[in-house]
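A.B. asks: Please see the structure below; I have some questions.
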Amino acid sequence: MIEIIKADTRGSADHGWLKAKHTFSFAEYQNPERVSFGPLRVINEDRIAPGRGFGTHPHRDMEIVTYPISGAIEHKDSMGNGTVINAGEVQRMTAGTGVRHSEFNHSPDTELHLLQIWIFPEQDGLEPGYEQTAFSREDKLNRLRLVASRDGRDGSVTVHQHVDLFASVIEQGTELKHSIAPGHKVFVHIVQGEATVNGEHVNDGDGMQISDETHVSIAATTDVEILLFDMG
């Protein structure tokens, strides 16, 4: 079964300095039919004005993955981390028993465009943690590159949940296939570009909830960047 979440049906917020799209219920956008999918709780697409951002605020009992599309994020947290996360990098923060952090657009003159992803952890009360890894375009080109996983294999960041998160940049005319194990759910998010996924046409910002299928086939109509969540 495949359910498409079209980009223009997502929740939205416009705070001037922040323009956000919400695939699942978040903040003022509450949709009882779109609360989560498996352990995947949040996919927010944020555009943040130069020099602006989120002041220090708390999180707990959530795995938070940040995926910059363009620009760079300045991050500081109560664990003592102070970093800049650039496009092409993936950041994982385990909020666990509690973390406070801030996130700002690192640039004084360029908009920041990012995805922030929340995943329910396999258990509450984990020790807070932080990880950041770079993945080049070439590393993701025409292949599904593992960027986050339960066991941190193949150089991926570690998330405390049975999720394999793949990123890919697929050139026009190329097709990739991914086998789905019995009982697994898959979510595909189109970061940018157009593709046909299992025969369905999708483009920028669209999401696909896939269950009770044996495989995913992604054929790039244009150059396309995607994220694929394989959830056990």
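A.B. asks: For Asp139, state whether it is free of Cβ contacts under 8 Å to residues at least 60 places away in the same chain, within 30 Å of Gly82 (Cβ to Cβ), among the acidic types (Asp, Glu) and open to solvent by less than 50 Å² (accessible area, probe 1.4 Å). Write out each step before concluding.
C.D. replies: Details: free of Cβ contacts under 8 Å to residues at least 60 places away in the same chain: yes; within 30 Å of Gly82 (Cβ to Cβ): yes; among the acidic types (Asp, Glu): yes; open to solvent by less than 50 Å² (accessible area, probe 1.4 Å): yes.
Criteria met by Asp139.
A.B. asks: For Gln116, indicate whether it is loosely packed, with under 15 Cβ neighbours inside 10 Å, at pLDDT 95 or above and within 17 Å of Leu40 (Cα to Cα).
C.D. replies: No: the conditions fail for Gln116.
A.B. asks: Go through Pro108, Pro121, Pro128 for me and flag whichever is more than 25 Å from Pro39 (Cα to Cα) and open to solvent by 10 Å² or more (accessible area, probe 1.4 Å).
C.D. replies: Answer to the selection: Pro108.
A.B. asks: The conditions are (1) assigned to a strand (DSSP E or B); (2) open to solvent by 40 Å² or more (accessible area, probe 1.4 Å); (3) out of contact with any Lys or Arg (no Cβ under 8 Å at 6 or more places or on another chain), and Lys21 fails exactly one of them. Which is it?
C.D. replies: So Lys21 meets the others, but not (3).
A.B. asks: Now a separate question. Can you name the residue in the range 1-18 that is open to solvent by 40 Å² or more (accessible area, probe 1.4 Å) and farther than 15 Å from Asp46 by Cα and is also modelled with the lowest pLDDT among such residues?
C.D. replies: Applying the first criterion (open to solvent by 40 Å² or more (accessible area, probe 1.4 Å)) to the range 1-18 yields 1-4, 6, 8-9, 12, 14-17.
Remaining after also requiring farther than 15 Å from Asp46 by Cα: 1-4, 6, 9.
On the way: Met1: 92, Ile2: 95, Glu3: 97, Ile4: 98, Lys6: 98, Thr9: 98.
So the residue we want is Met1.
A.B. asks: So which pairs qualify, if the first residue must be in the range 187-214 and touching a residue at least 24 places away in the same chain (Cβ under 8 Å), the second must be open to solvent by 50 Å² or more (accessible area, probe 1.4 Å) and of a type in the set (Lys, Arg), the Cβ gap must be under 7 Å, and the two must be at least 6 apart or on different chains?
C.D. replies: Note: pairs meeting the criteria are Gly205/Lys21; Asp206/Lys6; Ile210/Lys185; Ser211/Lys185.
A.B. asks: Still on this structure: Assess whether Thr66 counts as being open to solvent by 60 Å² or more (accessible area, probe 1.4 Å) and either in contact with a Pro (Cβ under 8 Å, 6 or more places away or on another chain) or at pLDDT 95 or above (or both).
C.D. replies: Here the answer is no, as Thr66 does not meet what is asked.
A.B. asks: Could I ask something else about it? How about the range 38-63: which of its residues are among the small types (Gly, Ala, Ser) and buried (at least 16 other Cβ atoms within 10 Å of the Cβ)? Talk me through it step by step, then tell me what you get.
C.D. replies: Initial filter on the range 38-63 (among the small types (Gly, Ala, Ser)): 38, 49, 51, 53, 55.
Of everything in the range 38-63, those that are among the small types (Gly, Ala, Ser) and buried (at least 16 other Cβ atoms within 10 Å of the Cβ) turn out to be Gly38, Ala49, Gly53.
A.B. asks: For the range 169-182, check the following and say yes or no: at least one residue is open to solvent by less than 40 Å² (accessible area, probe 1.4 Å), modelled with pLDDT of 95 or more, more than 24 Å from Thr133 (Cα to Cα) and touching a Lys or Arg at 6+ places or on another chain (Cβ under 6 Å).
C.D. replies: No: the range 169-182 contains no residue that is open to solvent by less than 40 Å² (accessible area, probe 1.4 Å), modelled with pLDDT of 95 or more, more than 24 Å from Thr133 (Cα to Cα) and touching a Lys or Arg at 6+ places or on another chain (Cβ under 6 Å).
A.B. asks: Which of the residues belonging to the range 183-225 are charged (D, E, K, R), in contact with a Gly (Cβ under 8 Å, 6 or more places away or on another chain) and within 14 Å of Ile43 (Cα to Cα)?
C.D. replies: Asp204
A.B. asks: Scan Asp212, Asp206 and give me the residue that is under 22 Å from Ser36 (Cα atoms), among the charged types (D, E, K, R) and open to solvent by less than 50 Å² (accessible area, probe 1.4 Å).
C.D. replies: The unique qualifying residue is Asp206.
A.B. asks: I've got another one for you. What's the total number of residues in the range 53-86 that are of a type in the set (Ser, Thr, Tyr) and more than 22 Å from Phe135 (Cα to Cα)? Explain how you work it out, then say what you get.
C.D. replies: To start, the set of residues in the range 53-86 that are of a type in the set (Ser, Thr, Tyr) comprises 56, 66-67, 70, 78, 83.
Remaining after also requiring more than 22 Å from Phe135 (Cα to Cα): 56, 78.
Going through the range 53-86 one residue at a time, the tally reaches 2.
A.B. asks: Between residues in the range 60-83 that are within 27 Å of Ser36 (Cβ to Cβ) and of a type in the set (Lys, Arg) and residues that are open to solvent by 60 Å² or more (accessible area, probe 1.4 Å) and not in a strand (DSSP E or B), which pairs lie under 8 Å by C-beta distance while being six or more apart or on different chains?
C.D. replies: Arg60/Thr97
The values are calculated or read from the model by the stated rules, or taken from the named source; none is laboratory data. Keep in mind that what you see is a predicted model, and the values were worked out from it rather than measured. For neighbour counting, all protein chains shown are included, and Cβ atoms are generated from backbone atoms with ideal geometry for every residue, glycine included. In case anyone asks, the SASA skips ligands and DNA or RNA and just uses the protein heavy atoms, side chains included. Shrake-Rupley method; radii C 1.70, N 1.55, O 1.52, S 1.80 Å.
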